[in-house]
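See structure below.
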Amino acid sequence: MTRPSVYPVGDPVGFPGCSKCPYFRSGPPQTCLDCASHTINSIASAACAVCGQVLADGGCPNWLCSDPSRRISRIRAIAYHTGPLRDTIIQYKYGGLKDWSMIFGRLLLAWLEENARDDRPDIIVANPTYLAPNRARIRHTEFVIESAEREDILKTWPFDISEPRTLLKIHDTPRTARTSAPNKRAIARQLRESLRACPNSRFKGQHVLVYDDVCTTGSQLNAVAEYLIDDVGAKRVEGIVLARARWDP
């Protein structure tokens with residue numbers, strides 16, 4: 001006897017086969033997160049409470065977590081940057097496969113519903129993408145925020161999708177992928193100098209959640225937090241990333 005599906009229109013096909021799934025165009029977000037949880041590498045329960053990194057000898061190997069000048073309260077992650085999730089992020093950011101923003105937006109929204117209801121942010125923004133004139137580039141973080149906002153049917157979460165953008169990056173900075181930790185910190189300083197908040201931004205005195213796709217050290221998110229707190233007056237800044245690079249001890 002065939003066991004009936006618990007899903008209304010059949011079982012999901014499994015992440016990352018999303019384009020062939022009956023829920024590809026309709027969700028809901030929780031279905032996508034439940035499905036993806038079978039193939040993504042979830043954050044370890046004993047991971048670092050500040051950055052989600054795998055602990056080594058009882059402590060976090062990430063320099064940021066013990067830095068007394070750290071401005072970001074914590075960086076949380078949906079999963080580790082491994083396997084199918086890593087591959088789809090690469091396809092989305094560098095292969096131009098924009099439909100992944102819809103799936104990633106659902107994963108973000110479902111994660112928020114499960115993990116952030118008791119400590120709601122006042123505003124959720126994207127770590128901004130710089131777009132030079134006449135240069136084709138996906139606004140990859142912004143697109144995910146926009147997708148999550150569309151999926152948030154009851155408008156429960158304060159995603160900022162305003163135009164002009166509340167948080168802007170006014171000039172480009174080097175990519176941080178596959179570079180050393182000191183280089184990441186140097187690039188983060190450049191990022192901080194490139195950030196501008198719109199005059200009518202809602203950051204002052206607020207709990208801000210900043211979304212990014214991947215976190216390795218957290219230097220960039222910390223630079224955003226430093227700018228928002230020290231220059232704009234935010235009360236508290238946290239990060240949420242789709243994937244956290246895993247350092248196995």
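Quick notes on this structure:
- Assigned charges on the beta-carbon of Lys, Arg, Asp, Glu; the chain dipole about Cα centre (debye): 540 debye
- Distance from the Cα centroid of segment 64-128 to that of segment 214-249 is 11 Å (rounded to whole angstrom).
- Segment 1-138: C-alpha gyration tensor shape, a/c 1.5 cut-off, then a/b vs b/c: oblate
- FRET efficiency for the residue 13 to residue 162 pair, using the beta carbon distance and R₀ = 35 Å, is estimated at 0.50.
- Extension gain from residue 170 to residue 26, taking 0.36 nm per residue of separation minus the Cα-Cα distance: 48.3 nm
- Amide N of segment 58-72 lying under 15 Å from the label point, which is placed 7 angstrom from the Cα of residue 230 along Cα→Cβ: 67-72
- The residues 235, 93, when put in order of fewest to most other Cβ atoms within 10 Å, stand as 235, 93.
- Taking a straight line from the alpha carbon of residue 98, these aspartates and glutamates sit under 17 Å away, with near neighbours fewer than eight places off in the same chain left out: 87, 142, 146, 149, 151, 212, 213.
- Distant alpha-carbon pairs in the chain (separation over 26 angstrom), percent: 38 percent
- Sum of side-chain charges, residue 182 neighbourhood, beta-carbon under 15 Å (Lys, Arg +1; Asp, Glu -1): +3
- Residue among 9, 37, 52 farthest towards the positive dipole end of the chain, charges placed on Cβ: 52
- Take every DSSP beta bridge whose two residues both sit in the chain; close to 20 percent of them are antiparallel.
Throughout, read-outs are computed from the coordinates displayed, never taken from laboratory work. All of these numbers come straight from a predicted model, not from anything done at the bench. As a convention, Cβ positions derive from the backbone with ideal geometry for all residues, glycine included, and neighbour counts pool all protein chains shown.
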